[in-house]
Amino acid sequence: MTFGYSAALRQKFGDLSSQVMLFTGVTAEADVSRPQQMFTRTAQQRLAEGPEGEFPEIQAWRRTFAKMGLKPTQYRCASEALLRRLRKEEGLPSIHPLVDLCNAVSVAFAIPIALFDTEKVQGHLEVRHAVGTEIYETFSGAIETPDAGEVIFADRTGHAHARRWSNRQSGRSVIRPQTRSVLVVAEAFHDTADDDLARLKVALRQALSEAWPLGDLVEISMA
């Protein structure tokens, strides 16, 4: 599969930085407890110094949401939502080893990481403005239609795999026990985003190789 951003989106959000990878060889039996605890501890140490709303990574995403016409304190990027939950509940939910690991990496770097089961994505996946006819499936199976102009992740068949950019992922391509191939998308807007995303990739690659030694992580070029 291929991945990219529309020209209109690139023009409006020129400060976007992203890291896109394909990870194959996923299983639901891996043990990620050690790296998960390590990354979560890093996030907790940072939260001890101040709330997530003061992090430059989160502030940059809040400005991006405001630029999309959304109230940042009503609609939050995935990493901010996870950090809030970690701060309030002192832990993160257990969903699937890969999801659990990437959530821990996300809070450690304060950068949202989206995961898509590639078997549920048809062809090219593009981050673009909705035209108003796309189909979005919630985690409960309900069907929604994103408003025209909303930033979504959409495939060639018009399925929206995420709404409001990094705010809400679709139940259609969520990671399940039978998932074997995953598209990993990390995105940021803050000043040191390029360097931080490069560090995130290195940290994630090492953790993935330990948990899934037979897995393969490759960087995806933008299409």
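A quick yes/no check of all residues on (1) over 12 Å from the mean Cα position of the chain (by Cα); (2) crowded, with 19+ Cβ neighbours inside 10 Å:
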{"site": "GLY69", "(1), (2)": "yes, no"}
{"site": "GLU80", "(1), (2)": "no, yes"}
{"site": "GLU89", "(1), (2)": "yes, no"}
{"site": "PRO93", "(1), (2)": "yes, no"}
{"site": "ALA108", "(1), (2)": "yes, yes"}
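Free of Cβ contacts under 8 Å to residues at least 40 places away in the same chain, under 30 Å from SER221 (Cα atoms) and assigned to a helix (DSSP H, G or I): which single residue out of ARG41, ARG62 fits that description?
Residue meeting the stated conditions: ARG62.
Any idea how many residues of segment 104-139 are out of contact with any Phe, Trp or Tyr (no Cβ under 9 Å at 6 or more places or on another chain), part of a helix (DSSP H, G or I) and either of a type in the set (Ser, Thr, Tyr) or within 17 Å of ARG205 (Cβ to Cβ) (or both)?
Residues in segment 104-139 being out of contact with any Phe, Trp or Tyr (no Cβ under 9 Å at 6 or more places or on another chain), part of a helix (DSSP H, G or I) and either of a type in the set (Ser, Thr, Tyr) or within 17 Å of ARG205 (Cβ to Cβ) (or both): 1 in total.
For segment 1-35: of the residues being part of a loop (DSSP other than H, G, I, E, B) and polar (S, T, N, Q), which is nearest to ALA207 (Cα to Cα)?
THR27
Tell me yes or no: at least one residue of segment 192-210 is hydrophobic (A, V, I, L, M, F, W, C) and part of a loop (DSSP other than H, G, I, E, B).
For segment 192-210, residues hydrophobic (A, V, I, L, M, F, W, C) and part of a loop (DSSP other than H, G, I, E, B): absent.
Okay, residues lined up against (1) open to solvent by 20 Å² or more (accessible area, probe 1.4 Å); (2) touching a strand residue (DSSP E or B) at 6+ places or on another chain (Cβ under 9 Å):
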residue	(1), (2)
GLY123	yes, no
THR138	no, yes
THR157	yes, yes
VAL182	no, yes
ALA193	no, yes
LEU197	no, yes
LYS201	yes, yes
ARG205	yes, yes
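Of the numbered conditions (1) over 13 Å from the mean Cα position of the chain (by Cα); (2) open to solvent by less than 50 Å² (accessible area, probe 1.4 Å); (3) farther than 20 Å from HIS96 by Cβ, ALA223 satisfies every one except a single condition; which is it?
(2)
The values are calculated or read from the model by the stated rules, or taken from the named source; none is laboratory data. As the structure is a computational prediction, the values presented were derived from the model and not from experiment. Glycine gets a Cβ as well: all are built from the backbone with ideal geometry, and neighbour counts include every protein chain shown. Note: areas computed on protein heavy atoms with side chains; ligands, DNA, RNA excluded. Shrake-Rupley method; radii C 1.70, N 1.55, O 1.52, S 1.80 Å.
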